[in-house]
Amino acid sequence: MKPAPLVLCADDFALAPGVSRAIADLIARGRLTATGCMTVSPFWRDHARMLDGLDERADIGLHLTLTDHAPLSPMPLFAPQGRFPSNGRLILAALVGRLDRAGIASEIAAEIERQIDAFEEARGRPPAFIDGHHHVHQLPVVRDAVIDAFQRRIARPGGEAPQGEPRGYLRVCCEPRSAILSRAVAPVRAAIIDALGRPFARKVRERGIPCNDSFRGVRSFSAKEDVAEIFARFVTGGGEHPLAMCHPGIVDDELRGLDPVTNVREAEYAYLASYAFGELLASRNLRLARFEPGDAR
């Protein structure tokens, strides 16, 4: 039987030097097939060069960032202190309708455009996909701006694309609740992300935008989690076009100062580079693949 495809996407490229080096190395080894780039990072322009020559091996997209970091230009209403809100504050603001207030939605839409611009300026091409740091791309107001920007700037007119290339896609963060429960990895967190993502997924599919039809990779980032065990669960599940996210990296001083997730990134990096991960894929009859033309909608 032909091996089934799985898109394995590393989030947070350009967050810190060690994260970018680990991701670029795993792409070169054939152990990742996508990565989302944080173009708000001061490291982005230099780190983008690490991806030169890797476009045939992986989809390289935009990891839209609207939490915890600084915007690319002033956003006096959304980020009045020059820094995006925390993830919790942004979710609350979105759910109670604060992002609908005059001016805030337009600031968010303009920042999305700037982050796409920064990607194109460094790489000379549009991102292959858009997803979100802390899954912000699926929140109310943000999701409509993401869909609009995607359709104008990434999707090719009429769905045409060079032979062998996808015309772009969006990550949806939904998974059947039965799959979340049976996987039993951070099920509450996964269920919350799924619930927040369902309206976005519905809009994406209504517009015929290519997207994954299964989403895995939500974890607690606890040192107690066994990396081999949770990845064995992440590669298991339904869907014809599954996507699993991951967060490999090498810990350095920059990462320690920017993000609470540190040592578990090194554990992921070591496992994904290992012979054991290759054996796991073979035992499940899986192949790591880019998002392919004609995939799920």
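Please treat every number below as a calculation from the coordinates, not as lab data. These figures come from a predicted structure and were not determined experimentally. Every residue, glycine among them, receives a Cβ derived from its backbone with ideal geometry; neighbour counts consider all protein chains shown.
Listing for the model above:
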{"read-out": "Relative contact order %, the stretch 4-288, counting alpha carbon pairs below 8 Å whose residues are six or more apart", "value": "23"}
{"read-out": "Separation between Cα centres of the stretch 90-137 and the stretch 232-297, rounded to whole Å", "value": "25"}
{"read-out": "FRET efficiency estimate (nearest 0.05) - Cβ-Cβ, Ala195 to Asp226, R0 22 angstrom", "value": "0.20"}
{"read-out": "Karplus-derived 3J(HN,Hα), 6.51/-1.76/1.60, for each residue of the stretch 48-54, Hz, glycine and proline x", "value": "4, 5, 4, 8, 4, x, 9"}
{"read-out": "Protection proxy ranking, peptides 11-17, 1-7, average beta carbon neighbours within 10 Å, highest first", "value": "11-17, 1-7"}
{"read-out": "Per-pair calculated FRET efficiency, R0 = 35 Å: Leu181 and Gln81 via Cβ, rounded to 0.05", "value": "0.30"}
{"read-out": "Principal-axis tilt of helix 17-29 within the chain, Cα atoms, nearest 10 degrees", "value": "50"}
{"read-out": "Option label - volume of the Cα convex hull per residue in Å³ computed here, alternatives (i) 126; (ii) 219; (iii) 154", "value": "(i)"}
{"read-out": "Charge tally in the Cβ shell below 14 Å around Val264, where Lys, Arg are +1 and Asp, Glu are -1, Val264 excluded", "value": "-4"}
{"read-out": "Asp52 versus Glu121: modelled label distance in nm, points set 7 Å from Cα along the beta carbon direction", "value": "1.9"}
{"read-out": "Descending semi-axes in Å of the stretch 10-141, equivalent ellipsoid built from Cα gyration tensor", "value": "28, 14, 13"}
{"read-out": "Other-chain or far-sequence residues with amide H under 5 Å of Leu64's (modelled H)", "value": "Asp131, Gly132, His133"}
{"read-out": "Rounded to 10°, Cα long-axis angle of helix 263-272 versus longest principal axis of the chain", "value": "50"}
{"read-out": "In degrees, nearest ten, helix 142-153 long axis to first principal axis of the chain (Cα)", "value": "80"}
{"read-out": "Longest segment of the chain lacking GluC sites (Glu not before Pro) that sit in a DSSP loop with at most 11 other Cβ atoms within 10 Å", "value": "57-159"}
{"read-out": "Stretchable slack from Ser283 to Asn263, in nm (0.36 nm times residue separation minus alpha-carbon distance)", "value": "4.4 nm"}
{"read-out": "The chain - share of DSSP beta bridges that are antiparallel (%, nearest 5)", "value": "5"}
